[in-house]
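Structure, as structure tokens:
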Amino acid sequence: RKKNNELNFCRKVLQELRKRTHWHYAYPFYEPVDAEALRVPDYYKIITNPMDLSTIGSKLDADQYKNSEGFESDVRQIFKNCYAYNDQKSDVYKMGKMLESVFEKKWSE
Ligand SMILES: Cc1ccc(Nc2c(-c3ccc(O)cc3)nc3c(C)cccn23)cc1
């Protein structure tokens, strides 16, 4: 796909991930983790490549993605971080899995 078609598709996928219908499992991934507020002081010691949906939106708006690969890699980083930091049985881990399945479905459309 031509670059701007690719990036328009990325915008559509990001829109989907931020839809109200997904809010109850997507909200932990909306903004950068606030380690103080969430009382997870070790978060940024463990997660060295933090990523979130608002950062991705800002990068799209600032034309910082060369192509859809860069966008896809940042979205997948959100899930990698979630699975690295949170225990497999935790609610946040399961929320990550739910949002990841929304992403996979939209990405493969
Ligand atoms: C069930 C449950 C338990 C804890 C949390 N923590 C949390 C997280 C979070 C994000 C990423 C991450 O890897 C871990 C935690 N973000 C939030 C927000 C924005 C508001 C309230 C709580 N938050 C959320 C849901």
Response to the item:
With criteria (1) in contact (Cβ under 8 Å) with a residue 40 or more places away in the chain; (2) under 21 Å from Glu104 (Cα atoms); (3) of a type outside the set (Ser, Thr, Tyr), Gln77 comes up short on (1)
Fill in: The one condition in (1) β-branched (Val, Ile, Thr); (2) buried (at least 17 other Cβ atoms within 10 Å of the Cβ); (3) within 11 Å of the ligand (Cβ to nearest atom) that Val13 fails to fulfil
(3)
Discussion item. If I ask for residues that are within 14 Å of the ligand (Cβ to nearest atom), of a type outside the set (Gly, Ala, Ser), without any contact (Cβ under 8 Å) to a residue 60 or more places away in the chain and part of a helix (DSSP H, G or I), which ones from the range 28-61 would you list?
Written reply: Tyr43, Tyr44, Lys45, Ile46, Leu53, Thr55
Discussion item. Taking the criterion of being outside any helix (DSSP H, G or I), closer than 18 Å to Ser101 by Cβ and not hydroxyl-bearing (Ser, Thr, Tyr), would at least one residue in the range 7-22 satisfy it?
Written reply: yes
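Looking only at the range 62-90, filter to residues that are of a type in the set (A, V, I, L, M) and more than 12 Å from the ligand (Cβ to nearest atom); which one of those is farthest from the chain's Cα centre (by Cα)?
The qualifying residue farthest from the chain's Cα centre (by Cα) is Ala62.
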Worksheet entry | Members of the range 91-108 that are open to solvent by less than 70 Å² (accessible area, probe 1.4 Å) and either more than 9 Å from the ligand (Cβ to nearest atom) or assigned to a loop (DSSP other than H, G, I, E, B) (or both) | Leu99, Glu100, Ser101, Val102, Phe103, Glu104, Lys106, Trp107
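The values are calculated or read from the model by the stated rules, or taken from the named source; none is laboratory data. Predicted, not measured: the structure shown is a model, and the values here were computed from it. Every residue, glycine among them, receives a Cβ derived from its backbone with ideal geometry; neighbour counts consider all protein chains shown. Heavy atoms of the whole protein, side chains included, go into the accessibility calculation; ligands, DNA and RNA do not. Shrake-Rupley method; radii C 1.70, N 1.55, O 1.52, S 1.80 Å.
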